[in-house]
Structures are given as structure tokens and as C-alpha cells.
Amino acid sequence: MPQQRLLAISDLSLTVYRWRSGLLNLEQAFPADASGLVQWDDYLRRNRHAIFSVFAALADESMQTEEVPHATGADRSALIERKLAQRFPGSTYKFSQMLGRNNSGRRDEKILLAALNRPEILEPWLAILQRADARLAGIYTAPLLAERLVSELANGESRFLLIALFQGGLQQMFFEHKHLRFARSIAADTEDMAAVAELCASESATLLQYLATQRLAAADGVMPVVVLLNDRDVALFRSICRDQGSLRYSFADLPAIARKHGLRTPPEDSCSEALFLHLMVRRPAAAQYAPPGLRRFYHLGRVNLLLIAVTASLSLASLFSAARDLTQGHRLTAEQTALAASIAATGRDYQQALALQSPSQLDSASLRTLADLIESLRRQENDLPRLLAQLSRVLDRFEAVELERLDWRPSDEQARANPAYVMDIDARLPRISGSDDTAQADTVRRFAAALQGVAAAAVSTRQWPAAIDAQRKLSPDQLAQMGQETPHFQLRLLIAAQR
Amino acid sequence: MNGDLRWRDLWHIRLSLLVCAVVAALALTLAAVARMAANAEREATARARQELLSLQQRLSALQGEQVERVIQLQRVHRLVPGGGSKPESRLHWLRLLQQAAARHHVAALDYELEPAAATGPGAPQPAALPLSRLRLRLDLLHEEDLLGLLADLRRQFRALLHVRSCSIERLPEAESEGGWAMLRSQCNVDLLSLRELS
């Protein structure tokens with residue numbers, strides 16, 4: 001990871017701090033003269049790969065709040081650029097910050113416009129930085145970074161003044177609804193803390209009046225004032241900075257706040273520079289003063305870092321995927337070996353089972369059909385004798401009926417599994433002159449009915465005796481012939497095979 | 001790109017871009033090759049599994065067929081004690097027929113034994129069950145003689161007897177063989193000889 005270098009630039013010097021994991025160490029200081037610039041250039045040659053953040057301590061800033069119509073995208077950017085150019089012509093170091101929107105009317109946006117009034121203090125140092133293609137993360141001031149402390153210092157107040165001490169003076173910052181609205185730096189000899197305390201009290205009252213004239217604060221309202229101090233200076237400040245008028249003073253423990261935000265080298269006095277330098281790295285403000293061109297290599301560094309991170313992630317993922325696939329491949333290879341052995345063993349079993357068969361053997365389906373056929377034939381064996389015996393018993397009851405011919409056959413040659421039989425019976429009745437036709441018909445019917453009892457047969461009459469045959473043509477000759485003939489009839493029985 | 005950065009600025013990190021591209025390409029290639037190899041192994045394993053499954057199914061079917069075959073063979077042997085016959089003895093059948101006719105007082109016997117042929121559709125293989133059609137014409141005294149003759153043939157022949165059709169009619173007096181025959185019967189009988197089965 002590239003090293004972090006924090007640059008504190010003032011009227012008199014540029015001081016370089018090395019920051020690492022919350023440890024802040026003074027590395028080198030360069031005087032604000034020609035020799036200092038040469039040394040700075042030399043330093044940059046040796047440390048050009050570091051990431052630099054600039055803290056303009058006690059910078060002279062101009063701030064204005066404006067309302068602009070709501071816009072988005074390129075239109076909004078152009079609008080704000082125009083406003084900045086109008087308010088701060090010729091200033092290179094400026095920024096804008098959205099404070100919110102009005103609740104009524106057109107719902108215009110409220111934006112804070114700010115610029116550094118004395119860019120000449122920064123430019124010599126930044127020019128060398130730019131020539132070296134060094135990575136500049138941003139240019140910050142105490143008011144921009146102090147927004148990170150508002151939540152814990154405001155104590156629930158919607159408006160308050162925050163005062164921080166730096167080498168060479170005080171920084172006053174006014175916050176409303178957690179947003180910076182105004183800032184002002186005051187030069188002072190911070191060696192004399194009593195004088196600093198007096199200045200703090202007087203300038204707080206002055207600032208309150210100014211804010212009232214700017215309608216940023218109510219003249220008769222309460223204005224809390226929070227001063228960042230080391231514990232040892234609180235008693236002195238408390239004795240000088242007394243509540244008066246609208247001002248209500250409170251004192252925040254600077255070292256405790258620094259430790260809370262992860263600074264492992266908290267200040268030992270009331271100078272807040274170390275805290276704000278640390279905040280530049282740990283919780284940088286979204287707004288900063290560096291123009292786009294100065295931050296080019298910083299963004300390029302981030303792109304490079306992102307590229308490396310993506311490549312590393314992709315490579316790790318690919319390696320993981322490859323490792324998983326290779327592991328799977330090994331497992332599958334082992335499984336294939338086992339499968340090959342199983343295939344060989346099963347193949348041998350199959351060949352052995354196949355060898356037991358003879359090509360001329362009947363398969364099970366053929367044997368089943370054969371067994372079914374044999375069973376069917378066995379069942380048929382008794383059918384004819386049984387039928388003849390039953391027919392004989394019926395004939396015994398009908399002595400007048402004489403059997404002439406009997407034909408017996410299965411009704412369906414194909415259905416050997418459950419055949420039905422057809423039995424055609426040719427029989428005759430005795431020839432009696434003057435015989436009663438009705439009696440003949442009655443005999444045939446009774447005989448047919450009796451035959452129905454033969455294995456539940458279905459009996460049909462194929463031919464009636466001539467005398468009663470409705471299908472027969474009758475004439476005198478035929479009547480004479482009929483008188484000579486023996487009455488003859490034919491019946492057909494359809495019989496189901498017995499199981 | 002954003003306001004701070006331009007495309008040409010990437011020239012400043014060209015070495016990093018090149019190295020990252022090469023590393024990424026190598027890593028992706030390695031992953032792709034490993035994936036292809038794993039897919040190939042997966043396919044080969046799937047084929048082997050399928051082959052084993054197919055072989056096991058065939059073995060199971062074969063073993064099932066063998067078990068079923070034994071069951072059906074035992075069933076056939078139960079139905080036909082002693083199993084099948086040696087190659088059918090057609091002359092022997094005719095001798096048995098004549099002997100049976102004599103025993104059952106058949107006054108006149110006429111017969112015709114057709115050549116062996118395949119059985120009809122749905123029957124077992126012709127090689128196992130050749131069929132011979134026997135046409136009988138008998139002059140009998142009583143229908144019981146016919147039934148007795150057929151029963152006798154069933155016992156004597158080592159073949160299955162299937163009476164396809166039979167007719168019995170009263171003989172005219174002129175043909176009654178001097179009173180020894182009252183009926184004439186014509187029967188069509190199928191003889192199915194069972195070859196030896198194992």
C-alpha cells in the first residue's frame with residue numbers, strides 16, 4: 001500500500017507528516033522560501049509514490065450560501081461553475097456543497113460556495129507536486145474536516161460555534177443543522193494561552209454579531225460555543241470565556257476526541273492540527289479545494305489499485321475454480337478406475353451367464369406359451385366325453401328323438417386358451433300319420449330347452465321339421481311328399497369349455 | 001472518464017495494465033483449461049456409469065430370464081411327466097392306433113397321417129412342437145368306443161392330442177358290417193409331439 005503523507009501548509013512553511021495506522025509522526029519541514037522549495041522538490045523525487053493530502057491551516061476562506069434552481073447532471077454542474085466563477089473570479093481553489101432544498105415554492109437548492117482567498121500560499125508547493133506527477137488526494141481546511149465532528153460536539157443543538165486552536169491562531173466555524181455555514185480564521189500568538197482565551201471570547205461575540213447581520217443567526221437567540229482544548233487549559237479558558245448575552249461556552253476534550261477517532265498520537269496541548277491531519281486520512285471530507293487537474297494522478301492511482309484488486313480477485317477466483325476442477329477431475333478419475341473394474345466384473349458375470357445358455361434353447365416366453373398350450377389341451381381332453389354323456393342323458397328323456405348325426409368342433413380355432421365348441425345335432429322324430437304339428441314343434445322346443453342345460457349351452461334351431469318350417473314353400477305335391485318323410489330337424493349348440 | 005482523469009492518462013499505468021492483463025489472461029486460461037479437463041472427466045465418468053448400468057440391467061434381465069425359464073420348464077415337465085419325446089415315431093403311433101382300434105371293437109378303421117408341419121400363429125417355435133394332422137374314419141358300435149379309443153391314444157402316444165373336430169352319424173343298414181357297427185365317426189386330430197427340453 002502506498003504511504004500516506006500529510007502536508008500542513010501555512011504562511012511560513014510546509015510540514016510533512018507520515019501517517020500510518022493512526023500514528024502521526026513529523027517527518028520533515030520546509031521553509032516557505034527558495035531553499036525550502038528546492039528541498040521539497042528533492043523530497044518529492046524520493047517519495048513521489050506516496051499519497052499526499054494538503055491541510056491548509058488557518059487558510060483565509062470566503063464562504064457564501066446561495067439558492068439556485070434545482071437542476072441535475074451537466075446543467076447543474078454548469079450552473080454551479082458559473083456561480084463559483086461569479087463569486088470567486090480568478091480563484092483556483094474553490095468548491096460547492098449542497099446544504100438542502102427549500103420546503104416551499106420552487107424548492108430551490110441551497111448551496112455553500114467557498115474559495116481560498118490566498119492561493120499564492122499553496123501554489124509554489126503544489127506546482128512542484130504537480131510537476132512530479134505526485135498523487136494529491138485533496139486540499140482540506142479545518143472547517144471542511146470539522147463537519148466530521150459535528151454530531152458529537154453539537155450536543156443536540158441545531159446551531160453552534162466551534163473554535164479550534166492551531167499554531168498561529170484560532171479557527172472559528174459556524175454550523176447549522178450539521179452543515180458548515182461560515183468560517184473565519186484569526187491570527188494569534190498561541191504561546192500565550194491567556195491572550196488566546198481573551199481573543200476567543202471577544203471574537204466569538206464579534207462573530208455572533210456578524211452572523212446576526214447576515215441573518216445566519218438570531219441576535220437574541222442562544223448560541224452555544226464549543227472550544228476544543230486540552231484539559232490543562234480548560235480552567236483558564238473557563239475563567240475568561242464566561243457565558244454572556246447569547247453565548248454559552250463549553251469545552252471539548254481534544255485528546256479524548258482524537259483518541260476516539262483513532263489517533264494513536266493525540267496532541268499533548270490544545271493545538272488541533274494533529275486531529276485534523278488525522279481526519280484527512282481517516283474521515284476525509286467529501287468537499288475539498290483541489291482543482292481536477294491536481295488530483296489526476298491520485299485518481300489514476302486509485303484506478304491502478306482497483307485494477308490490481310480486480311486482477312487479484314479474478315486470479316484468485318480462477319485459481320480457486322481451477323483447483324476445484326482439478327480436485328474434481330482427480331476424484332472423477334478415481335471413480336472411473338473403480339467403474340472400469342465394476343464394468344469388467346459385471347461383463348465377466350454376463351458372459352458366464354450367457355455361456356450357460358444354449359442357442360437351441362427355448363426362451364422363457366416360448367416355454368410359457370408352450371405350457372399354456374399344454375394346459376389348454378389338457379382341459380380339452382374331457383370336454384367331448386363330458387358333452388356326449390350329457391347329450392346321452394338328455395336323449396334318454398326324449399325317446400321320440402332319434403339322433404342321426406352329431407358334429408362337434410371348437411368354434412374358434414385360434415382361441416385355444418378358452419375355446420367354445422359348436423355341436424350340430426341332426427335328429428328326427430317318428431313319422432306318425434296325421435301327427436299334430438303343434439306336438440312336433442313342442443317336442444323340438446322341449447328338446448332344445450333340455451339341451452340348454454348341457455354345459456349352459458346356447459341352443460339355436462337351424463332347421464325345423466318340414467311341417468312346421470315357416471321357411472319352407474308349401475304346395476300340394478310337397479304336402480304329399482311331407483307325409484312320406486320322417487320329420488327331421490337340426491339344432492346348433494354353442495358350448496363354453498369347462499375350466 | 002471523470003473530470004480529473006482522461007483516457008490518455010492510462011499511459012502512465014501501462015506496465016500495470018499489461019501485467020494485470022497477462023495475469024488475468026493466464027488465470028482465466030488456467031481456469032478454462034481446468035474446467036475443460038474436468039468436463040471431459042465428467043463426461044467420461046457419465047459414460048462409464050451409463051455403461052455399467054446398461055451392463056447391470058442386461059445381466060439382471062438375463063438372470064431373470066434364466067430363472068423364469070427354469071420355472072416354465074418345470075411347469076412343462078409337470079404337465080408332461082417324463083419330458084418330451086425323442087424324435088417323433090410316426091410309424092409307432094400308427095401301430096398303437098391299430099392296437100387301440102382292435103381293443104375298442106372298431107369294425108373298420110381308415111386313417112391318414114399328414115406330414116409334420118409348423119404349428120399355427122402364436123405357437124412356440126416349430127422346432128419344439130411339430131404338428132401332425134391325423135384324420136380318422138371309424139365304424140363303431142357305440143360312441144363310447146370312440147371316447148375309449150381317444151383316451152387310449154392319449155395314454156399311449158408320447159404326444160399331445162388335440163381333437164379338432166368329430167362327427168358321429170348313424171350308419172345305414174347296408175353299411176353296418178353285419179351288425180358290428182351302428183355309427184360312423186370322422187375325427188380330425190392334431191398330434192403335437194414335444195421334443196426333449198432342457
Completion exercise
Restricting segment A:161-186 to residues that are among the charged types (D, E, K, R) and in a strand (DSSP E or B), the one nearest to the chain's Cα centre (by Cα) turns out to be A:Glu176
Exercise for the section: Could you pull out the residue among A:Ala285, A:Ala252 that is touching a Lys or Arg at 6+ places or on another chain (Cβ under 8 Å), touching a residue at least 60 places away in the same chain (Cβ under 8 Å) and aliphatic (A, V, I, L, M)? Expected result: A:Ala285
Exercise for the section: Pairs only if they're at least six apart or on different chains, beta carbon under 6 angstrom, first in segment A:343-361 and of a type in the set (D, E, K, R), second in a helix (DSSP H, G or I); list them, first residue then second. Expected result: A:Asp349/B:Leu59
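Return yes when A:Glu203 is modelled with pLDDT of 90 or more, in contact with a strand residue (DSSP E or B) (Cβ under 9 Å, 6 or more places away or on another chain), assigned to a helix (DSSP H, G or I) and closer than 25 Å to A:Asp11 by Cα and no when it is not.
Details: modelled with pLDDT of 90 or more: yes; in contact with a strand residue (DSSP E or B) (Cβ under 9 Å, 6 or more places away or on another chain): yes; assigned to a helix (DSSP H, G or I): yes; closer than 25 Å to A:Asp11 by Cα: yes.
Yes.
Taking into account only those residues within segment A:472-494 that are surrounded by 11 or more Cβ atoms within 10 Å (Cβ to Cβ) and of a type in the set (Lys, Arg), which is modelled with the highest pLDDT? It would help to see each step written out before you state the result.
The initial filter retains those residues of segment A:472-494 that are surrounded by 11 or more Cβ atoms within 10 Å (Cβ to Cβ), namely A:472, A:474, A:478-479, A:481-483, A:485-494.
Filter once more, so that each one left must be of a type in the set (Lys, Arg): A:472, A:492.
Details: A:Arg472: 64, A:Arg492: 86.
Here the answer is A:Arg492.
Please indicate, with yes or no, whether at least one residue in segment A:187-200 is assigned to a strand (DSSP E or B) and either within 21 Å of A:Thr65 (Cβ to Cβ) or more than 50 Å from the chain's Cα centre (by Cα) (or both). Explain how you work it out, then say what you get.
First, pick out the residues of segment A:187-200 that are assigned to a strand (DSSP E or B): A:187.
Cutting the leftovers down to either within 21 Å of A:Thr65 (Cβ to Cβ) or more than 50 Å from the chain's Cα centre (by Cα) (or both) gives us A:187.
Among the residues of segment A:187-200, at least one is assigned to a strand (DSSP E or B) and either within 21 Å of A:Thr65 (Cβ to Cβ) or more than 50 Å from the chain's Cα centre (by Cα) (or both), which makes the answer yes.
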Problem - Residues (within 18 Å of A:Ala56 (Cα to Cα) and either among the small types (Gly, Ala, Ser) or assigned to a strand (DSSP E or B) (or both)) located in segment A:121-133 - result: A:Ala127
Practice task
Could you list all residues from segment A:369-402 that are within 20 Å of A:Ala448 (Cα to Cα), among the polar types (S, T, N, Q) and more than 9 Å from chain B (Cβ to nearest Cβ)?
Solution key: A:Gln390
Practice task
Looking only at segment A:316-329, decide whether some residue is crowded, with 18+ Cβ neighbours inside 10 Å, out of contact with any Ser or Thr (no Cβ under 9 Å at 6 or more places or on another chain), assigned to a helix (DSSP H, G or I) and touching a residue at least 24 places away in the same chain (Cβ under 8 Å).
Solution key: no
Problem - Scan of segment B:32-46 for residues that are of a type in the set (Val, Ile, Thr) and over 21 Å from A:Leu316 (Cα atoms), ordered by number - result: B:Thr45
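Could you say whether any residue in segment A:403-421 is part of a strand (DSSP E or B), closer than 19 Å to B:Ile168 by Cβ, more than 9 Å from chain B (Cβ to nearest Cβ) and at pLDDT below 85? It would help to see each step written out before you state the result.
Step one: of segment A:403-421, the residues part of a strand (DSSP E or B) are A:403-410, A:420-421.
When the remaining residues are screened for being closer than 19 Å to B:Ile168 by Cβ, the result is A:403-410, A:421.
Restricting the remaining residues to those that are more than 9 Å from chain B (Cβ to nearest Cβ) gives A:421.
This time we only want the ones that are at pLDDT below 85, so: A:421.
Yes.
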Completion exercise
Output for Cβ contacts, cut-off 9 Å, separation at least six or different chains, first residue more than 8 Å from chain B (Cβ to nearest Cβ) and surrounded by fewer than 18 Cβ atoms within 10 Å (Cβ to Cβ) in segment A:294-313, second at pLDDT 90 or above and not in a helix (DSSP H, G or I), reads A:Arg302/A:Arg135
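I'd like the full set of residues that are hydrophobic (A, V, I, L, M, F, W, C) and modelled with pLDDT of 85 or more, limited to segment A:64-97. Break it down stepwise before answering.
Going through segment A:64-97, the residues hydrophobic (A, V, I, L, M, F, W, C) turn out to be A:68, A:71, A:74, A:78-80, A:84-85, A:88, A:95.
Once the filter is applied, which keeps residues that are hydrophobic (A, V, I, L, M, F, W, C) and modelled with pLDDT of 85 or more, segment A:64-97 yields A:Val68, A:Ala74, A:Ala78, A:Leu79, A:Ile80, A:Leu84, A:Ala85, A:Phe88, A:Phe95.
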Practice task
Looking only at segment A:276-285, decide whether some residue is among the charged types (D, E, K, R), under 23 Å from A:Ser158 (Cα atoms), part of a loop (DSSP other than H, G, I, E, B) and more than 14 Å from chain B (Cβ to nearest Cβ).
Solution key: yes
Completion exercise
Those residues of segment A:138-160 which are buried (at least 24 other Cβ atoms within 10 Å of the Cβ) and either of a type in the set (Gly, Ala, Ser) or assigned to a strand (DSSP E or B) (or both) amount to A:Ile139, A:Tyr140, A:Ala142
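Please specify each residue of segment A:308-345 satisfying the condition of being of a type in the set (D, E, K, R), over 30 Å from B:Val22 (Cα atoms) and in contact with a helix residue (DSSP H, G or I) (Cβ under 6 Å, 6 or more places away or on another chain). So that I can check it myself, show each step before the final result.
Within segment A:308-345, the first condition is being of a type in the set (D, E, K, R), and the residues that meet it are A:324-325, A:331, A:335.
Among the residues that remain, those that are also over 30 Å from B:Val22 (Cα atoms) are: A:331, A:335.
Of everything in segment A:308-345, just one residue is of a type in the set (D, E, K, R), over 30 Å from B:Val22 (Cα atoms) and in contact with a helix residue (DSSP H, G or I) (Cβ under 6 Å, 6 or more places away or on another chain), namely A:Glu335.
Does at least one position in segment B:7-23 carry a residue that is closer than 30 Å to A:Leu332 by Cβ and under 60 Å from the mean Cα position of the chain (by Cα)? Steps first, answer last, please.
Start the filter on segment B:7-23 by keeping residues that are closer than 30 Å to A:Leu332 by Cβ, which leaves B:23.
Next cut, under 60 Å from the mean Cα position of the chain (by Cα) only: none.
No, that holds for no residue.
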Completion exercise
Going through segment A:353-368 in order, the residues found to be surrounded by fewer than 18 Cβ atoms within 10 Å (Cβ to Cβ), at the interface with chain B (Cβ under 7 Å from one of its Cβ atoms) and modelled with pLDDT of 85 or more are A:Ala353, A:Leu354
Exercise for the section: For residues that are at the interface with chain A (Cβ under 9 Å from one of its Cβ atoms) and small (Gly, Ala, Ser), tally how many sit in segment B:39-66. Expected result: 4
Completion exercise
A careful count of residues in segment A:81-131 that are more than 28 Å from A:Trp40 (Cα to Cα) and not acidic (Asp, Glu) gives 25
Handout entry: Answer residue from segment B:168-187, given it is modelled with pLDDT of 90 or more and surrounded by 17 or more Cβ atoms within 10 Å (Cβ to Cβ) and is farthest from A:Asp372 (Cα to Cα) among those
Key = B:Arg184
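The values are calculated or read from the model by the stated rules, or taken from the named source; none is laboratory data. A quick note: this is a predicted structure, and the numbers were derived from the prediction, not measured. For neighbour counting, all protein chains shown are included, and Cβ atoms are generated from backbone atoms with ideal geometry for every residue, glycine included.
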